[in-house]
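The values are calculated or read from the model by the stated rules, or taken from the named source; none is laboratory data. On a predicted model such as this, the values are computed, not experimentally measured, just so you know. Here the Cβ is made from the backbone with ideal geometry for all residues, glycine too, and neighbour counts use every protein chain on show. Side chains included, ligands, DNA and RNA excluded: accessible areas come from the protein's heavy atoms. Shrake-Rupley method; radii C 1.70, N 1.55, O 1.52, S 1.80 Å.
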Amino acid sequence: MLEALSPQPADALLGLIKLYNADPRPEKIDLGVGVYRTATGATPVFKAIKGAEARLLETQQSKSYLGPEGDMGFVRALIPYVFGAGFDTARVDGMQAPGGTGAVRLAIEVARRAGVRRILMGTPSWPNHAQIVAASGLELVTFRHVTAEGTADLDALKAALADAGPGDAVLLHGCCHNPSGVDYTEAQWDEIAPLLAARAVLPLLDLAYQGLGAGMEADAYGLRTVLAAVPEALVAYSCDKNFGLYRDRVGAFYAVTGDADALARAMANGASIARASWSMPPDHGAAAVREVLADAALTREWLAELDDMRGRMRQVRDRLAAAQQIGPIAMAPLGIQNGLFSILPLTGEQILTLREAHGIYMAGSGRINIAGLTTDNIETFIDALRAVTA
Ligand code: LMR
């Protein structure tokens, strides 16, 4: 029976982790998967999370099941950070999900059950977005996300929306666009929000990097502007990056609507999809986030750690931007892009040469993880880029 299975390519991005680990060169540089690194290349557990974990160790009385929604204290504690302190909490409900991926999966499946047939999405996007849409059986309609000038392509989104209506959902990155680092500006979000309302499409807002762009509040501008304009939306949220919880898989799925019955049905559908998929989400990371957010001192510590991360990524971006031009690559735009990622317009051959000759690992799209560049390796990286583009 099993011989009937078709071969599957390994996930290209996750495959880089293995390739990098197998490379014996000590000077190798990992710019692959999206993980934050300090100036010395470490990915430490947040101090605030360590503090929360110490408390859990002392106080957690049971590891008994919580149900398909997971830790609702965690889900509710995030609401003011994501939706804003003044948000009408009667409009929103949510549930825990295994990472941002689980949350996107829930959002797309709930949208499908609600009658959505097409997902509109700017490209390039996080490769897993298209895979999740494909797994749901929905039609993917793409439009261009980045203009030739390197800005977010509002006209392309407008053109896609002009052909869209009820039965369509549009998947938008809330901030720190993955893979391009090119976000819609606040002025663009101000235009997008009423358009979404006018076309009656369902917004699916993916917020996986809040706090890593311009700050916790600023990074929520697009999401909050959209939610102020539209009657309903779905949100996929990840704490994997902004709490450094990657392998603990900490995400949340939210539905927003003024219709209390519809809200309850969105949650009931989410719960039934979760039950049939993973039954209940892993607890530990979400419990640690809840502990952080329940304690003012741990919250301050977490926000300060997030500020440091953001500051360091800005420094890396400033250094890259200062290179101005490397071969045909204009580097200045990297200075104004946001978050962990930017795309370098390299050929497949150049990307391979960077890997084989220089030990530099990046996604096949030319996406680099800005945080993979450290005090020790950034000049080596710039020199290697010059060498392969010369
Ligand atoms: C990334 O894009 O590198 C991260 O979101 C990790 C992942 O799951 O792909």
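Of the residues that make up region 183-199, is at least one assigned to a loop (DSSP other than H, G, I, E, B) and of a type in the set (A, V, I, L, M, F, W, C)? No, there is no match, as no residue in region 183-199 is assigned to a loop (DSSP other than H, G, I, E, B) and of a type in the set (A, V, I, L, M, F, W, C).
For every residue, the table says whether it meets (1) assigned by TED's automatic domain parsing to the domain that holds Ile29; (2) of a type outside the set (A, V, I, L, M, F, W, C); (3) under 21 Å from Pro24 (Cα atoms).
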residue	(1), (2), (3)
Glu301	no, yes, no
Gln315	yes, yes, no
Asp318	yes, yes, no
Gln325	yes, yes, no
Gln337	yes, yes, no
Phe341	yes, no, no
Glu349	yes, yes, no
Gly366	yes, yes, no
Asn377	yes, yes, yes
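Yes or no: Tyr81 away from the ligand (no atom under 16 Å from the Cβ) and either outside the structural domain of Leu234 (by TED's automatic domain parsing) or under 21 Å from the mean Cα position of the chain (by Cα) (or both)? Yes. Set side by side, the residues Asp190, Asp219, Asp259 differ, and just one is charged (D, E, K, R), modelled with pLDDT of 95 or more and under 23 Å from Pro124 (Cβ atoms), which is Asp219. When Thr151, Thr101 are checked against the criterion of being over 17 Å from Val226 (Cβ atoms), within 16 Å of the ligand (Cβ to nearest atom) and polar (S, T, N, Q), a single residue qualifies: Thr101. For region 5-34, the candidate set comprises residues that are out of contact with any Gly (no Cβ under 8 Å at 6 or more places or on another chain) and aliphatic (A, V, I, L, M); within that set, the residue that is modelled with the lowest pLDDT is Ala10. State whether one or more residues within region 158-171 are modelled with pLDDT of 95 or more, surrounded by 24 or more Cβ atoms within 10 Å (Cβ to Cβ) and not β-branched (Val, Ile, Thr). Taking every residue of region 158-171 in turn, at least one turns out to be modelled with pLDDT of 95 or more, surrounded by 24 or more Cβ atoms within 10 Å (Cβ to Cβ) and not β-branched (Val, Ile, Thr). When Thr185 is tested against (1) under 19 Å from the mean Cα position of the chain (by Cα); (2) on the phi > 0 side of the Ramachandran plot, exactly one condition is not met: (2).
What residue, of Asp308, Asp376, Asp318, is closer than 28 Å to Thr151 by Cβ and surrounded by fewer than 16 Cβ atoms within 10 Å (Cβ to Cβ)? Answer to the selection: Asp318.
In region 58-107, of all residues being surrounded by 16 or more Cβ atoms within 10 Å (Cβ to Cβ) and charged (D, E, K, R), the one that is farthest from Ile119 (Cα to Cα) corresponds to Asp71. If you check Ala214, Ala274 for being in contact (Cβ under 8 Å) with a residue 24 or more places away in the chain, surrounded by 16 or more Cβ atoms within 10 Å (Cβ to Cβ), assigned by TED's automatic domain parsing to the domain that holds Trp126 and more than 22 Å from Pro179 (Cβ to Cβ), only one passes: Ala274.
Evaluated against (1) under 25 Å from His284 (Cα atoms); (2) open to solvent by less than 30 Å² (accessible area, probe 1.4 Å); (3) not in a loop (DSSP other than H, G, I, E, B), Val110 falls short on exactly one condition, (1). Going through (1) more than 21 Å from the chain's Cα centre (by Cα); (2) surrounded by fewer than 21 Cβ atoms within 10 Å (Cβ to Cβ); (3) β-branched (Val, Ile, Thr) one by one, Thr151 falls short only on (1).
Here's the yes/no breakdown for (1) without any contact (Cβ under 8 Å) to a residue 40 or more places away in the chain; (2) assigned by TED's automatic domain parsing to the domain that holds Val133; (3) out of contact with any Lys or Arg (no Cβ under 7 Å at 6 or more places or on another chain):
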| site | (1), (2), (3) |
| --- | --- |
| Ala164 | no, yes, no |
| Leu172 | no, yes, yes |
| Ser180 | no, yes, yes |
| Asp183 | no, yes, yes |
| Ile192 | yes, yes, yes |
| Ala197 | yes, yes, yes |
| Ala228 | yes, yes, yes |
| Gly251 | no, yes, yes |
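Going by the conditions given, is Met309 more than 15 Å from Leu31 (Cβ to Cβ) and within 16 Å of the ligand (Cβ to nearest atom)? Yes; evaluated as a whole, the condition is true for this residue. Does Glu232 satisfy the condition of being away from the ligand (no atom under 16 Å from the Cβ), touching a strand residue (DSSP E or B) at 6+ places or on another chain (Cβ under 8 Å) and among the charged types (D, E, K, R)? When the stated conditions are applied, Glu232 passes them. Answer yes or no as to whether Gln61 is within 16 Å of the ligand (Cβ to nearest atom) and free of Cβ contacts under 8 Å to residues at least 12 places away in the same chain. For Gln61, the condition - within 16 Å of the ligand (Cβ to nearest atom) and free of Cβ contacts under 8 Å to residues at least 12 places away in the same chain - is not met.
In region 221-231, which residues are touching a Gly at 6+ places or on another chain (Cβ under 7 Å) and open to solvent by less than 10 Å² (accessible area, probe 1.4 Å)?
Those that are touching a Gly at 6+ places or on another chain (Cβ under 7 Å) and open to solvent by less than 10 Å² (accessible area, probe 1.4 Å): Gly222, Leu223.
Looking only at residues of region 14-39 that are open to solvent by less than 30 Å² (accessible area, probe 1.4 Å) and not in a loop (DSSP other than H, G, I, E, B), we find that the one that is farthest from the ligand (Cβ to nearest atom) is Ile29.
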